[in-house]
Amino acid sequence: MLLPVIVAGMLGAGWLVLDRTRGQTYRHLRKLDMEGLRLKKLHGPFLFILDKFEIGRRLPVLMFRMQHAIQKMYGIQHSGEKTMLYCAEMLTYTWLMLLVGCLLSLVGDMGIGGMVGGLALGAALPFALYKDLNTKVQRRDQDILMELPELLNRIVLLVGAGETVQRAIVHCVTSQGERDHPLYNELRKTVGDWNNGYSFQQSFEQFSRRCGVQEVTIFTTTVLLNFRRGGGDFVLALRDLSHVLWEKRKAVSRAKGEQASSKLVFPMVLIFFTIVVMIGAPAFMMMNM
């Protein structure tokens, strides 16, 4: 029983020492708005560890992918610091699981099993958090792709009725009110950039970069290449693009349906075997009697 005490003492004392000596350096990062981080107050020592071991230089591919996902979910601004915060959140969960494992070994009379369980959970949680981040990014990209054809249809109708592209986009954004959707959230930022004096081209390129979706890039490129021409050529180009985007939307909807069907296979098989056992067991018992 001495080992859990030693490990728990080292984990607790190490965190306290690093938090008192180094944690103040990273306190300003707590002010960054990042939804989903629940343990910011415990991040200080782990931010120091990540910084000390130069995690970005040692694991460049992993950190690049994570930062790219963070940029999509939380914006381009301060994306490097937000990536470090997300990594610190992973390490904090690992540290907590190790502490809980040690406490279970002491209080629950589980022996070394509690520490092993805590170590296993501590190793698995960072992978689960990384997978959860990628799942959220994928869902966000799909939401944007599903909504983009609807937006494009509205723009085509408004431009065909005589509106300029910029006014058509503003009208589409204002008609959605405060709807929480990734595409319209990014468009609201674009409209804000226009109001702050940014040019149409510059703000639209920023919009494409923030979305990080190939179809949005095609949409913005088409608009920027044709909006100066106006008239029938511009509307025709948007209609052609709308047709392509609707086909992609159908493909995404089909893929979602297939995923939902595949998730139902295991429960259906389980229910089938349960019914077979419930019906078959009495029959076999009667045959034996």
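Values in this text are rule-based calculations from the coordinates and carry no lab data. Computed from a predicted structure; not experimentally measured. Don't worry about glycine lacking a Cβ; one is built from the backbone with ideal geometry, like all the others, and counts go over all protein chains shown.
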Subject >> Mean Cα-pair separation over length for the stretch 2-139, i.e. relative contact order, pairs under 8 Å, 6 or more apart, % >> reply: 27 percent
Original post:
Plugging the Kirkwood radius over Cα pairs into Stokes-Einstein for the stretch 1-76, at a temperature of 37 °C and a viscosity of 0.692 mPa s, what D comes out in µm²/s?
Top reply: 227 µm²/s
Original post:
With contacts defined as alpha carbon pairs under 8 Å and 6 or more residues apart, what's the relative contact order of the stretch 74-180 in percent?
Top reply: 18 percent
Original post:
Using the C-alpha gyration tensor of the chain, what are the square roots of 5 times its eigenvalues, in whole angstrom, with the largest one first?
Top reply: 47, 34, 13
Subject >> Cβ-Cβ FRET estimate between VAL116 and ARG254, R0 fixed at 35 Å, reported to 0.05 >> reply: 0.20
Original post:
At 222 nm, what helix-only mean residue ellipticity would the chain give, in deg cm²/dmol to the nearest 500, using -39500 (n - 2.57) for each DSSP H run of four or more?
Top reply: -28000 deg cm²/dmol
Original post:
Got a sec to turn the phi values of the stretch 185-192 into Karplus ³J(HN,Hα) couplings, 6.51 cos²θ - 1.76 cosθ + 1.60 with θ = phi - 60°, whole Hz, x for Gly and Pro?
Top reply: 4, 6, 5, 4, 5, 5, 4, x
Original post:
Considering the stretch 106-218, what Rg and Dmax in Å follow from its alpha-carbon atoms?
Top reply: 22.3, 77
Subject >> Whichever lysines have a C-alpha closer than 29 Å to that of LYS52, once near sequence neighbours (fewer than 8 apart) are set aside >> reply: LYS31, LYS40, LYS41, LYS72, LYS82, LYS131
**OP:** May I ask you to sort CYS172, CYS102 by Cβ crowding, counting other Cβ atoms within 10 Å and putting the fewest first?
**Re:** CYS172, CYS102
